[in-house]
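The values are calculated or read from the model by the stated rules, or taken from the named source; none is laboratory data. Please read all numbers here as calculations on a predicted model, not as lab measurements. Here the Cβ is made from the backbone with ideal geometry for all residues, glycine too, and neighbour counts use every protein chain on show.
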Amino acid sequence: MATDIKKAVSDVQQLCRSIREQVAVEVVGQSEVIEQMMIAMLCEGHCLLVGVPGLAKTLMVQTLANTMNLSFGRIQFTPDLMPTDITGTEIIQESGETGQRELEFKRGPLFTNVLLADEINRTPPKTQAALLEGMQERQVTVGGQTRDLSSPFFVLATQNPIEQEGTYPLPEAQLDRFMFQLIIDYPTEEEELEIVQRTTGMLRETVKQVVGAADIERAIALVREMPVASHVAQFAIRLARFSRPTDGASEFVREHVAWGAGPRSSQFLVLGAKAHALLRGRLSVDYEDVVAVAHSVLRHRIRLNYSATASQITTDGVIDHIIQELNSSGSAEIDNYSTLTREQRDQSSKVFRSEDASSS
């Protein structure tokens, strides 16, 4: 029996709406950050949350996890943390049946659905590297034996950007494993007033579980099934390629960028755009969906040179420049696309339904 695609999309929208409502019970504001976190989860991606202390980074992750009927683990990263404290280790146990000593694997906190890696830059590189295999391959190798992690599996890490004493910056290989880097900003005056009123009184509301593992798995599958027009995918690829100073980039990029984003960024731009369109109830992806996730995908994959630092140019500023450049050079193509959007979306929806029906 064919699945009703419009109903499936509506179900995912309702799922995310329920998560937002529950997160808002404990977290004031930060709606854009929460949406980006949900997009990453629908794409089976990981998030790195960067912000100064006291902006509810940890609370945001814990609250998001509490809305889902998934296992949750937390690692407080410290300088003395060892890789086996994350992955688990083999210990010698005496068998009750034979009386002989045997090696038994004790699982670490990595064996969970949602992992909060708190202050991830406070532990040495060898411990940070213990996450690499799990984040990319969804498996852990200990003692020569590979063990699969739970599914779904998401890493939501936090990092303080202002205090550098006793910290270990994440290596590029690990930064690239994160789909999004999200910047947590200060709340508005009205939001801060609400925070104070909520947290200094007697009454505290609790978050309810509104989403199960099966719901998340269906939403992830739906994101993968969504069609993407070739010219939209090409736009995402150009966005990534134009961040590389040796790949046909503008003079501005060549002057201020040491190296740009790799192919994984193109994949994440398309996947993130799919999820962004899905959350808005659309069955095909538009240019605006790619732009909506561009900063989160690219900002930690672009490295600026000394000239950019001296000129106080940020990675977000470089991304804005690339987007503006693409819009200018391809304005005719984008304008033509916008006039055909409805027809193309209708056609994409038909393809979406027919493919689903044939697979059922």
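Of the residues making up the stretch 228-240, those that are surrounded by fewer than 18 Cβ atoms within 10 Å (Cβ to Cβ) and either in contact (Cβ under 8 Å) with a residue 60 or more places away in the chain or of a type outside the set (A, V, I, L, M, F, W, C) (or both) number 3. Would you confirm, using the coordinates I've provided, whether THR315 is in contact with a Lys or Arg (Cβ under 6 Å, 6 or more places away or on another chain) and within 16 Å of ALA258 (Cα to Cα)? When the stated conditions are applied, THR315 passes them.
Among the residues of the stretch 200-233, those that are over 22 Å from the mean Cα position of the chain (by Cα) and polar (S, T, N, Q) comprise THR200, THR206, SER230.
Among the conditions (1) in contact with a Leu (Cβ under 9 Å, 6 or more places away or on another chain); (2) more than 28 Å from ASP316 (Cα to Cα); (3) of a type in the set (D, E, K, R), ARG177 misses just one, which is (2).
Polar (S, T, N, Q), surrounded by 19 or more Cβ atoms within 10 Å (Cβ to Cβ) and either more than 26 Å from LYS274 (Cβ to Cβ) or modelled with pLDDT under 90 (or both): which single residue out of GLN22, GLN76 fits that description?
Numbers: GLN76 fails: surrounded by 19 or more Cβ atoms within 10 Å (Cβ to Cβ).
Matching residue, one of GLN22, GLN76: GLN22.
Is it the case, given these coordinates, that LEU131 is of a type outside the set (Phe, Trp, Tyr), out of contact with any Lys or Arg (no Cβ under 6 Å at 6 or more places or on another chain) and buried (at least 19 other Cβ atoms within 10 Å of the Cβ)? Against the criterion (of a type outside the set (Phe, Trp, Tyr), out of contact with any Lys or Arg (no Cβ under 6 Å at 6 or more places or on another chain) and buried (at least 19 other Cβ atoms within 10 Å of the Cβ)), LEU131 qualifies.
Is it true that PRO187 is under 30 Å from SER265 (Cα atoms), surrounded by 13 or more Cβ atoms within 10 Å (Cβ to Cβ) and not aliphatic (A, V, I, L, M)? Here the answer is yes, as PRO187 does meet what is asked.
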